[in-house]
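Everything below concerns the one structure shown next.
The values are calculated or read from the model by the stated rules, or taken from the named source; none is laboratory data. Remember, predicted model here, so these are calculated numbers, not experimental data. We place every Cβ from the backbone using ideal geometry, glycine too, and count neighbours over all the protein chains shown.
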Amino acid sequence: MKRKTIRIAVQKEGRLKKDSVEYLQSLGLEFSKEDVRKLIVSCKNAPVEILYVRHSDIPQYVQYGAVDFGIVGANLLYEKDFKVKVIKQFDFGKCSLVIAVPLNSPIQETKDLEGERIATSYPNSLRKFLEQQKISASIIEIKGSVEIAPLLGLADAICDLTQTGKTLRENKLKPIKTLFDSKALLIESPFKSKEKTEFTNKFLAKDL
């Protein structure tokens, strides 16, 4: 059965959530943000549902049409080749994917990474960069707390997101290369519907 509601996915928890919610409310959508336990919240003034989900799942929900729109970091789209349309870039969610090394490391620039071990949660982004630079290095994929890898002797360098550089400094790391800068993006599913067109014209068109 074809659904009549528009679904918009935002980060359940994390650095993009607050700004994402405020943006949707700025469009004129009325919904409660008080009950943080709810995964789906219905708008009061439109046939729209706000879904609070894991950030890394949003592009897949959008790509396969489970939701119509989503707000994600550009870094997530670069890491994996999702088939979604970017319709707006925001001025929030700013961060950079960088390669960093211990302060006393002999690695001082990109070419010094040859033959070294690099820990990261973004293996595809790192692999693309290393291939472009014609550098052969071992990629060690870690899901979280990447900064601790050099201290544990697991890696010689890390490739991770940073906003202010504070976490790097706290772990006695220094960036030697920025792979790319990232901001939050509004993405759209490839599937068309009358409901989506009506929603875009009423709420999004003036802001795009």
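Examine region 75-90 for a residue that is part of a loop (DSSP other than H, G, I, E, B) and at pLDDT 95 or above, and state whether such a residue exists.
Scanning region 75-90 turns up at least one residue that is part of a loop (DSSP other than H, G, I, E, B) and at pLDDT 95 or above.
So which of Ile99, Ile107, Ile71, Ile58 is aliphatic (A, V, I, L, M) and in contact with an Asp or Glu (Cβ under 7 Å, 6 or more places away or on another chain)?
Ile107
Does region 125-148 hold any residues that are of a type outside the set (Lys, Arg), assigned to a helix (DSSP H, G or I) and over 12 Å from Val101 (Cα atoms), and which are they?
Ser125, Leu126, Phe129, Leu130, Glu131, Gln132, Gln133, listed by residue number.
Within region 66-76, can one find any residue that is touching a residue at least 12 places away in the same chain (Cβ under 8 Å), charged (D, E, K, R) and buried (at least 20 other Cβ atoms within 10 Å of the Cβ)?
Applying the first criterion (touching a residue at least 12 places away in the same chain (Cβ under 8 Å)) to region 66-76 yields 66-76.
From what's left, charged (D, E, K, R): 68.
Those still in the list that are buried (at least 20 other Cβ atoms within 10 Å of the Cβ) too: 68.
There is at least one residue in region 66-76 that is touching a residue at least 12 places away in the same chain (Cβ under 8 Å), charged (D, E, K, R) and buried (at least 20 other Cβ atoms within 10 Å of the Cβ).
Hand me the list of strands (runs of 3 or more DSSP E) wholly inside region 149-208 holding 3 or more residues that are closer than 19 Å to Ile107 by Cα and either free of Cβ contacts under 8 Å to residues at least 60 places away in the same chain or not assigned by TED's automatic domain parsing to the domain that holds Leu16 (or both). Give the steps one after another, and end with the answer.
Details: elements: 157-162, 173-182, 184-188.
Because the criterion is at least 3 residues that are closer than 19 Å to Ile107 by Cα and either free of Cβ contacts under 8 Å to residues at least 60 places away in the same chain or not assigned by TED's automatic domain parsing to the domain that holds Leu16 (or both), the strands (runs of 3 or more DSSP E) in region 149-208 that meet it are 157-162, 173-182.
Step by step: first the residues of region 170-189, then only those that are over 16 Å from the mean Cα position of the chain (by Cα) and not hydroxyl-bearing (Ser, Thr, Tyr), then the one that is surrounded by the most Cβ atoms within 10 Å (Cβ to Cβ). Which residue is that? Don't jump to the end; show me each part of the working.
So in region 170-189, the residues over 16 Å from the mean Cα position of the chain (by Cα) come out as 170-178, 189.
Keeping just the survivors that are not hydroxyl-bearing (Ser, Thr, Tyr) gives 170-177.
Working: Glu170: 9, Asn171: 18, Lys172: 14, Leu173: 26, Lys174: 16, Pro175: 15, Ile176: 17, Lys177: 16.
Here the answer is Leu173.
Exactly one of these conditions fails for Ile158: (1) touching a helix residue (DSSP H, G or I) at 6+ places or on another chain (Cβ under 9 Å); (2) β-branched (Val, Ile, Thr); (3) farther than 27 Å from Gln60 by Cα. Give me its number.
(3)
Restricting attention to region 87-117, and to residues there that are farther than 18 Å from Val21 by Cα and within 13 Å of the chain's Cα centre (by Cα), which single residue is surrounded by the fewest Cβ atoms within 10 Å (Cβ to Cβ)?
Looking only at region 87-117, we keep the residues that are farther than 18 Å from Val21 by Cα, and these are 95-117.
Pick out the ones that are also within 13 Å of the chain's Cα centre (by Cα) and you get 95-97.
On the way: Cys95: 19, Ser96: 16, Leu97: 24.
By that ranking, first place goes to Ser96.
Tyr61 passes all but one of (1) at pLDDT below 95; (2) touching a strand residue (DSSP E or B) at 6+ places or on another chain (Cβ under 6 Å); which number fails?
(1)
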